[in-house]
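Below is one structure; the comments refer to it alone.
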Amino acid sequence: MRSITVRGPEGRLLPILVPPVDEVGAQERADFFTKRSIKKESKLQALYLAIRMCDLTTLEGADTPGKVLQLCAKAKSPVPPGLFAAFAEKKKLEPIPSVAAVCVYPSMVKVAADVLRGTGIHIASVATAFPSGQAPLSTKLDDTRFAVEQGADEIDMVINRGAFLSGRYQEVFDEIRAVKEACGPAHLKVILETGELGSLDKIRLAAEIAMEAGADFIKTSTGKIQPAATLPVTLVMLQSIADFYRRTGKKIGMKPAGGIRTAKQAIQYLCMVNETLGPEWLTPDLFRFGASALLNDLLKQIFKEATGRYYYEKAFSLD
Amino acid sequence: MASHHLKVPKTIKLFIGGEFPRTESGRSFPVVRHGTDAHFAHLCRASRKDFRNAVAAAKAALASWERRTAYNRAQILYRMAEMCEGKRDEFAEVLCYTQGLSNDAAQKAVDAAIDAFVYYAGYADKYQQVIGNLNPVSGPHLCFTAAEPVGVVAALFDENSTLDEITAGLSAIICSGNTVVALLPGVTGTLLAPLAEVFATSDLPKGVVNLLTGDVSELAPQFGSHMEVQAVSVQTKNEALLAELKIAGAENLKRVAPPMQTNLGLNNILQFVEYKTVWHPVGY
C-alpha cells in the first residue's frame with residue numbers, strides 16, 4: 001500500500017494510506033450497475049429521491065440575475081404544481097419535491113439567497129477561482145468568504161491540481177484546510193476534477209487528502225472538463241468514503257457532477273451508492289447530483305409513470 | 001467446375017438512428033414466399049421500447065435536419081434515387097418473392113419508387129415558394145406566411161403498401177425537414193434491408209429516417225400516444241385504427257394524416273408542415 005505523510009493541525013504528522021486501485025476491476029464493477037432493470041415502484045421511488053438530491057446548477061459566463069431567478073423558481077417547484085396534481089391523483093403519486101440546492105457563482109449567490117430563504121433549499125456557491133483554481137490562496141479565501149457572506153451555506157471548492165500533479169500534496173492539503181476554515185458554518189464540497197488527475201490511483205489519493213483535510217463532501221468534477229463524472233470514478237470515490245468511515249466514523253458525502261443527463265444514469269448511481277455505502281447514504285445530506293439537464297429527464301420519467309405516455313421535452317421549462 | 005458456394009442470406013434487422021439493431025425484445029415473426037408456405041425470412045417484431053428509441057433518434061436528428069438548406073435536402077433525396085437505382089435487382093427480387101410480382105411488374109415498381117425520390121427531391125426547395133405567400137393586409141404591415149416542418153412524424157404503412165407508396169410517403173415527410181419513424185408491417189418489412197441501405201448511404205444524417213418491422217395493432221397505440229410525435233401518417237385504410245389514433249393523439253394536438261390519394265403530389269408534403277405567419281411593421 002502506498003502511503004504519504006502530510007503535516008496536519010499543530011504540526012502533527014498525518015499518514016495518508018492509499019490502497020492501489022484495480023482499474024479493470026473498477027470498470028467491470030461499474031459496468032455491472034448499468035445492467036440492472038429497476039422498474040415500477042422502485043423506479044418511481046428512485047426518481048423522486050434523485051430529484052431531492054439534485055444540485056440544480058448554472059455556471060456560465062452568461063449567467064444573469066434573471067436566469068438565476070428562473071433556476072430558483074424551478075428548484076422550488078420543478079413543475080407547476082397544478083399541472084402535475086391533475087395526473088398524479090389517479091395514480092396516488094406524491095407531489096414533485098423541491099431539489100436539494102441551487103449551485104451558482106459567488107456573484108449570483110445574493111440573487112438566489114433572497115428568493116430561497118426559508119424554502120429549505122440550500123444555496124451552493126462555487127469558489128476558490130472556479131473552475132481552474134489557478135489563483136493565489138488569499139484570493140481563493142476571499143472568494144470563499146464573499147460567497148458565505150452573501151448567503152451561501154455550501155461551498156464547492158476546486159483543489160489545486162497544479163500542486164497535486166507536481167506532488168506538492170502538503171500544499172493541496174493546507175489549501176483545503178484553509179478554505180474549510182474560511183467557510184465557517186458552511187458545508188465544504190471539494191472538487192477533485194477527476195478528468196485532469198489521470199488515473200484512478202491519483203483520484204483515490206486526492207479523495208483521501210480531501211477527506212483528511214476536512215471536506216464534508218467530495219465531488220468529481222467542475223463540469224467544464226471532459227470526462228466529467230463517470231461510474232468507475234464515482235465508485236472509487238465511494239470506496240474511499242467507505243474506508244474513511246470505517247477508520248474515523250465520519251460520514252462524508254459524495255457528489256458526482258457533469259455528464260449525468262438521464263434518469264437511467266441517475267438510477268445507476270443510486271444503486272452504486274446503496275451497494276457501496278449502504279442505504280444511510282441515500283439522502284440529500286450525503287449524496288447529490290450536480291446537474292442541470294438531469295432534472296427534466298427525471299420529470300419526464302415520472303410523467304410517463306403518471307400518464308402512461310412517453311413525455312416530451314417541450315412540456316418542461318428549459319432551465 | 002461446379003460452384004459449391006453456399007448462399008449467404010441477409011439478416012433483416014431494424015434501422016434506428018443510422019444503425020441496424022435487432023429488436024431489444026428478441027422477438028421475430030416469419031415471412032413466407034408469396035402464395036406458398038416456403039420460408040423467406042424472419043423479421044424483427046419491434047416492441048414499444050424500440051419505437052421509443054426510434055423516436056428519441058428522430059428527435060435528436062430533427063434540429064440539424066430542419067436547419068439544413070432546402071437545396072441540401074434536395075440533393076440528399078436525389079442521392080437516394082441514385083442509390084435505389086443501384087439496388088434495383090435486390091428490390092425486384094424481394095418484391096417477386098414476397099409480393100408475387102412478375103419481374104416486369106417488380107422492375108416497374110422500382111421505377112416508380114425511384115421516381116418518388118426524384119419528385120420530392122425537386123419539391124424540397126420549391127414547396128415553400130409554391131404555397132408561402134404575401135398576405136394582403138390593410139395596414140402598415142408586411143404580412144407573409146411560410147411553411148415549416150411539424151417535427152417528428154410517425155408513419156404507419158399497410159401490409160399491402162407497395163414499394164413506391166413507401167418511398168413516396170417517406171420522401172414527402174422528410175423533404176420539408178421532418179424526421180420520421182416508420183412501421184413497415186407484415187410482409188412489407190422484407191423491404192427494410194435494401195431501403196435502409198439506401199438511406200444509410202445517401203448522406204442522410206442518422207436518425208432522420210428510422211424503420212421498424214412488426215405488428216400494426218401492437219404499435220399503433222404507441223404511435224398515437226407518444227407526446228414527442230407531432231403527426232402520424234396513416235397509410236392503412238383501417239377506419240377503426242384511424243379513429244383510435246385520433247383519440248390517442250388528441251392530447252398533444254397531434255395531426256393524423258389519412259392515406260395519400262396519389263403517390264406524387266404537393267398535398268402529401270403539406271400534411272406535415274405548420275404555417276407561420278409573420279406581421280412586420282413597415283415605415284412610411
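The values are calculated or read from the model by the stated rules, or taken from the named source; none is laboratory data. Only a predicted model underlies this, so the values are computations on that prediction, with no experimental measurement involved. A quick note on method: Cβ atoms are made from the backbone with ideal geometry, for glycine too, and the neighbour counts reach across all protein chains shown.
Tally the residues that are under 15 Å from A:S317 (Cβ atoms) and of a type in the set (F, W, Y), restricting the search to region A:81-100.
Selection size over region A:81-100: 1.
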Problem set entry | The one condition in (1) at pLDDT 95 or above; (2) at negative phi that B:T145 fails to fulfil | (1)
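Each row is one residue, and each column tells you yes or no for (1) free of Cβ contacts under 8 Å to residues at least 60 places away in the same chain; (2) within 16 Å of the chain's Cα centre (by Cα).
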{"position": "B:K254", "(1), (2)": "yes, no"}
{"position": "B:P258", "(1), (2)": "yes, yes"}
{"position": "B:T262", "(1), (2)": "yes, yes"}
{"position": "B:N267", "(1), (2)": "yes, yes"}
{"position": "B:Q271", "(1), (2)": "no, yes"}
{"position": "B:Y275", "(1), (2)": "no, no"}
{"position": "B:W279", "(1), (2)": "no, no"}
For this session: Name the single residue, out of those in region B:144-181 being surrounded by 24 or more Cβ atoms within 10 Å (Cβ to Cβ), touching a Ser or Thr at 6+ places or on another chain (Cβ under 8 Å) and of a type in the set (G, A, S), that is farthest from A:Y312 (Cα to Cα).
Result: B:G169
For this session: Could you check, for region B:29-45, whether at least one of its residues is touching a helix residue (DSSP H, G or I) at 6+ places or on another chain (Cβ under 8 Å), within 14 Å of chain A (Cβ to nearest Cβ) and either buried (at least 20 other Cβ atoms within 10 Å of the Cβ) or assigned to a loop (DSSP other than H, G, I, E, B) (or both)?
Result: no
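Scan region A:265-319 for residues that are of a type in the set (D, E, K, R), out of contact with any Leu (no Cβ under 8 Å at 6 or more places or on another chain) and under 24 Å from A:E154 (Cα atoms) and jot them down. Show your work before the answer.
First, pick out the residues of region A:265-319 that are of a type in the set (D, E, K, R): A:275, A:280, A:285, A:288, A:297, A:300, A:304-305, A:309, A:313-314, A:319.
Narrowing further to those that are out of contact with any Leu (no Cβ under 8 Å at 6 or more places or on another chain): A:275, A:285, A:288, A:297, A:300, A:304, A:309, A:313-314.
Matches in region A:265-319: A:D285, A:R288.
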Exercise. Can you name the residue in region A:276-319 that is part of a loop (DSSP other than H, G, I, E, B) and within 12 Å of chain B (Cβ to nearest Cβ) and is also surrounded by the most Cβ atoms within 10 Å (Cβ to Cβ) among such residues?
Worked result: A:Y311
For this session: Could you list, in sequence order, all residues of region A:77-109 that are more than 15 Å from A:L299 (Cα to Cα), assigned to a loop (DSSP other than H, G, I, E, B) and at pLDDT below 90?
Result: A:K92
Exercise. Out of (1) within 23 Å of B:L43 (Cβ to Cβ); (2) surrounded by fewer than 16 Cβ atoms within 10 Å (Cβ to Cβ); (3) out of contact with any strand residue (DSSP E or B) (no Cβ under 7 Å at 6 or more places or on another chain), the odd one out for B:E197 is which?
Worked result: (2)
Seminar exercise, completed: All-but-one check, B:Y78 against (1) within 14 Å of another protein chain (Cβ to nearest Cβ); (2) touching a residue at least 24 places away in the same chain (Cβ under 8 Å), failing number (1)
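Quick test for you: out of A:L299, A:L235, A:L231, pick the one residue that is over 30 Å from A:N160 (Cα atoms) and touching a residue at least 24 places away in the same chain (Cβ under 8 Å).
Values: A:L235 fails: over 30 Å from A:N160 (Cα atoms); A:L231 fails: over 30 Å from A:N160 (Cα atoms).
It is A:L299.
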Exercise. Which one of the conditions (1) of a type outside the set (A, V, I, L, M, F, W, C); (2) without any contact (Cβ under 8 Å) to a residue 12 or more places away in the chain; (3) more than 22 Å from B:I12 (Cβ to Cβ) does B:N103 fail to meet, given that it meets all the rest?
Worked result: (3)
Exercise. How many of the residues making up region B:46-74 are within 14 Å of chain A (Cβ to nearest Cβ), buried (at least 18 other Cβ atoms within 10 Å of the Cβ), aliphatic (A, V, I, L, M) and farther than 28 Å from B:T98 by Cα?
Worked result: 5
Exercise. Considering only region A:16-44, how many residues are of a type outside the set (K, R), surrounded by 10 or more Cβ atoms within 10 Å (Cβ to Cβ) and over 30 Å from A:L93 (Cα atoms)?
Worked result: 15
For this session: Tell me which residues, restricted to region B:102-143, are surrounded by fewer than 20 Cβ atoms within 10 Å (Cβ to Cβ) and over 25 Å from B:S176 (Cα atoms).
Result: B:S102, B:N103, B:D104, B:A105, B:Q107, B:K108, B:P136, B:V137, B:S138, B:G139, B:P140, B:H141
Problem set entry | Among residues of region A:183-211, those that are more than 12 Å from A:R161 (Cβ to Cβ) and basic (K, R), counted | 2
For this session: Would you confirm whether any residue within region A:122-136 is surrounded by 19 or more Cβ atoms within 10 Å (Cβ to Cβ) and farther than 21 Å from A:I225 by Cβ?
Result: yes
